[in-house]
Structures are given as C-alpha cells and as structure tokens.
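Down below is the structure, laid out as structure tokens.
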Amino acid sequence: MPVTHLLYLHGFRSSPLSAKAQKVAARVQARNPGVTWWCPQLPPSPRQAMEGVMQGIAGWPRASMAVIGSSLGGFYATWVAQQTGCPAVLLNPAVDPARDLAAYIGEQTQFHTPEEHFFFEPAFVDELRALDPGPLRQPGRFFAIIAKGDEVLDWREMTARYPGARIKLLSGGDHALSDFDDHLDELFAFLGLR
C-alpha cells in the first residue's frame with residue numbers, strides 16, 4: 001500500500017528547518033501532494049517528544065504511514081516504527097543516545113535558531129534509556145543511509161544496529177549527509193513514493 005502519511009523526526013538541537021527536513025518536505029509537496037506531511041518541533045524531553053508524536057499520529061492509518069528520522073530522530077523513528085509496524089528510513093541514526101548525550105547535559109542552543117536555548121536535563125538520559133526500541137521486529141521495513149565519514153556517530157555501530165535491514169553504506173559523507181540530494185530518489189522509492 002502506498003504511503004499516505006509521512007512523519008519526519010529531526011535530530012538533537014535540530015528542527016523542522018533542517019536542510020534534510022526541508023528537502024523531503026519540498027519533494028512531498030511537489031511530487032506527492034496527496035501525502036499528509038508532519039515534521040514537528042520535538043521538545044528536549046524524549047518522553048514528551050514521543051508522547052507528542054504518538055498523539056499526533058494517533059489517527060493515522062498504520063498500514064500506509066511511514067517515518068523518516070535523522071540522527072537522534074533516527075533513534076526515535078526506530079521506536080515509532082517498532083510501535084506501529086510502519087516502514088522507517090533512518091539517516092545516520094543514533095544507536096545509543098543515552099550514552100552519547102550524557103555529555104550534553106546543561107544549556108544548549110538550537111542549530112537553526114541559535115538565539116533559542118533549552119536545558120538538557122539529566123533525567124532526559126534516563127528517558128532515552130527507557131525508549132530503547134529493542135531488536136528489529138520487521139527488519140525489511142527499515143532502510144538506513146549511513147555515512148562512513150560521519151564525524152559524530154560510528155558507522156560500524158549504526159550498521160550493526162540494523163541487521164537484516166536495507167543499508168546504503170556511503171564510503172565517505174558526513175553526519176549531515178551533505179549529499180542528501182543524491183539519495184532522495186532511493187529514499188522515496190523505498191516508501192513507494194515519487
């Protein structure tokens with residue numbers, strides 16, 4: 001069944017203004033105008049973020065929805081896909097954000113709006129731990145685009161996290177997937193979209 005509802009989850013300190021989110025939104029609007037698109041600004045609390053997402057998609061048809069997530073959003077997208085059974089596209093997905101983000105406790109700024117500050121609380125690390133999505137139930141419903149050149153996350157760890165999933169392993173690249181345009185066709189084809 002073709003995707004009718006598409007959720008995009010941004011990464012840590014990111015927002016719906018991220019380049020990748022904007023490019024996916026533009027493509028949905030231009031080539032798939034019938035698709036419901038939602039890219040919410042996620043709060044710093046992982047628990048609140050996922051509660052808000054699940055409320056937002058409560059009325060979405062599980063059989064024709066999909067999720068895309070980048071970095072921390074990839075971790076969240078994995079969790080959402082495990083809850084709903086929907087397909088997921090993961091862009092350099094965080095594998096163990098509870099471990100990695102423990103170093104970021106304290107005041108943070110948003111990448112796209114540096115004047116906006118938020119406080120990453122120690123409790124948020126525990127909330128991330130509680131969201132561990134576990135082993136993939138339907139590996140074939142996952143497509144991960146992973147860059148060996150990622151300067152933030154280890155590509156070996158990302159690849160090992162998604163056994164049985166479709167993985168596009170880039171020989172270079174970076175965490176932001178600066179060559180994202182080159183992967184849009186494959187990403188949309190995986191979701192059955194144009």
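Are there GluC sites (Glu not before Pro) in the stretch 85-127 that DSSP marks as loop and that have at most 15 other Cβ atoms within 10 Å, and which are they? Don't jump to the answer; show the numbers that get you there.
Working: sites: Glu107, Glu115, Glu116, Glu127; in loops: Glu115, Glu116.
Listed in order of number, the matching sites are Glu115, Glu116.
Straightening the chain between Glu186 and Gln41 buys 49.6 nm, computed as 0.36 nm per residue apart minus the Cα-Cα spacing. For His117, neighbours were defined as the other residues whose beta-carbon sits under 12 Å from its Cβ, and their charges (Lys and Arg +1, Asp and Glu -1) total -2.
Taking a ≥ b ≥ c as the square roots of the eigenvalues of the alpha carbon gyration tensor, the chain is rounded, as a/c is under 1.5. Of all beta bridges that DSSP places with both ends in the stretch 1-133, some 25 percent have antiparallel geometry.
Just need the relative contact order of the chain here, percent rounded to a whole number, with Cα pairs under 8 Å and 6+ apart.
Details: 347 pairs, mean separation 41.7, N = 194.
In percent, rounded to a whole number, it is 21.
Near Leu101, once Lys and Arg are set to +1 and Asp and Glu to -1 for all other residues with Cβ below 13 Å from its Cβ, the sum equals -2. With 0.36 nm allotted per residue and the present C-alpha distance subtracted, the Asp174-Thr109 stretch has 21.3 nm of extension available. Label positions at Val152 and Arg62, each projected 7 Å from the Cα along the C-beta direction, are separated by 3.1 nm. In terms of its C-alpha gyration tensor, the stretch 124-167 has an oblate overall shape, because the principal axis ratio a/c (a ≥ b ≥ c, square roots of the eigenvalues) is not below 1.5 and a/b does not outweigh b/c.
The numbers here are math on the coordinates, done by the rules we state, and not lab data. Values in this document were obtained by computation on a predicted structure and should not be read as measured data. FYI the Cβ positions are ideal-geometry reconstructions off the backbone, even for glycines, and counts take in every protein chain you see.
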